[in-house]
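One structure below.
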Amino acid sequence: MSEMNINYQDKPALPEKENNSSFVKTFLSVVLFAVLFYYFISDNILLIGLIVLVLFVHEIGHYLMMKRYKYENMSMIFVPFLGAMVQGKKSTAYSQLERANVILAGPLPGILIGISLFLAGLYYQEIYLVYTGTLFAIINILNLIPLDPLDGGQLLYLLYFDRKDMLRLYFLLGSSLSIIGLGIYFNNYIVIAFGFLLGVRVRAYQKMLNIHNELKAAGINYVRTYDSLTASEFNAIKRIILENSALAKKMVDTDFVATAEFDEVMASEVNSVLEVPVVEDMSMTKKILYTLIWLACFGVVIWTFYSNIPKLIEILEILKDAPEV
């Protein structure tokens, strides 16, 4: 590839994100989630409402824990057919322990609520409590399955594969293939499509690895914040990004490279290849403890449902004469 006509420049500031109302974005995403669920999956209003409630409680757990650790630019988004997520970032280094707590703050409360409602429903023979508790428990325990991007996969990666690039690539690839396989097994095209979307992410991460390898070869530390970059480091990273970008081949000889918009694009691109530093503050003992907590969640849910099968059958008999939920 010929030398690109990119001149040395001072490091531009990162473009500021639009200060849209987090509440409005969350509300609109909930409406879109519910409408698409209604038309393409089920028109059961109660089911839709309960799933939204379960997802909201799950994500508010993440949100509050992130708030406690002073994350910035936070927002909650519901993604049609897939679930919901909380977005946020820290301007300083991440802590392993804090990230582990943020991850578990979503599913743990949901599982506890689910089991409590389930047992209360059995005790009082209230089928709606059983129904709600079951949804809480199942949705949250499924989220702890060790596949990326689920919480279980994120926790496993954080505890044992953090910053081991090739292992993460294999983990992402394995997650993609597993989800595609599950979709095929259950004949669910949405799950299959999600698995293929993860495959696109695998390819994007592979390209990121190539850039990181070139940065290592050039002696540039990419585990840092954007603000800590010098102008020369910014320009070196910028050139490597452009050399690995097919789009760059089309734009470098245009007038766009001389515009402020191009500077903003490159500032964002350079920031995207940087890895925020992580404070490794979890000993092996703590990692094992969090692994046991993760495994205990599965054990508690399975034991609760299995040990109460007779009572559950008794309650289900009531359903024969009850309206559908």
May I ask you to derive the relative contact order of the chain, considering only C-alpha pairs under 8 Å and at least 6 residues apart, and to give it as an integer percent?
-> 20 percent
Per-residue Cβ contact counts at 10 Å, fewest first, order Trp294, Trp303 as Trp303, Trp294
Taking Cα atoms only, helix 309-319 is inclined relative to the longest principal axis of the chain by an angle, in degrees rounded to 10, of 80 degrees
Packing-based order for 22-30, 93-101, using average beta carbon neighbours within 10 Å, highest first = 93-101, 22-30
The chain: proportion of alpha-carbon pairs further apart than 31 angstrom, % | 43 percent
DSSP beta bridges in the chain, what fraction antiparallel, as a percent rounded to 5?
-> 65 percent
Most mobile of Glu59, Glu16, Glu233 per a Gaussian network model of the chain (Cα springs, under 10 Å)?
-> Glu16
Could you give the length gained on full extension between Leu64 and Asn210, defined as 0.36 nm per residue of separation minus the Cα-Cα distance, in nm?
-> 49.0 nm
For the modelled label position 7 Å from the Cα of Ile145 along Cα-to-Cβ, which residues of segment 286-308 have backbone nitrogen atoms closer than 17 Å?
-> 295, 297-299, 301-302
Report relative contact order for segment 48-178 in percent, whole number only (criteria: Cα-Cα under 8 Å, sequence separation at least 6).
-> 20 percent
Relative to the longest principal axis of the chain, what angle (0 to 90°, nearest 10) does the C-alpha long axis of helix 165-185 take?
-> 40 degrees
Can you tell me the 0 to 90 degree angle between the C-alpha axis of helix 22-40 and the longest principal axis of the chain, rounded to 10?
-> 60 degrees
Cα gyration tensor shape of segment 144-207, rounded if a/c is under 1.5, else prolate or oblate by comparing a/b with b/c = oblate
Candidates Val265, Val301, Val278: whichever shows maximal mean-square fluctuation once the chain is modelled as a Gaussian network with Cα springs under 10 Å | Val265
What residues of segment 35-72 lie in the reach of a label at Ala93, counting those whose backbone N is under 20 Å from a point 7 Å from the Cα along Cα→Cβ?
-> 69-72
By Cβ neighbour count within 10 Å, fewest first, Lys287, Lys238 rank Lys287, Lys238
Order of Ile103, Ile141 - criterion: other Cβ atoms within 10 Å of each residue's Cβ, fewest first = Ile141, Ile103
Cut-off under 5 Å, modelled amide H: who pairs with Gly106 long-range | His62
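Each value in this text was obtained by applying a stated rule to the coordinates, not by laboratory testing. All values derive from a computational prediction rather than experimental measurement. We place every Cβ from the backbone using ideal geometry, glycine too, and count neighbours over all the protein chains shown.
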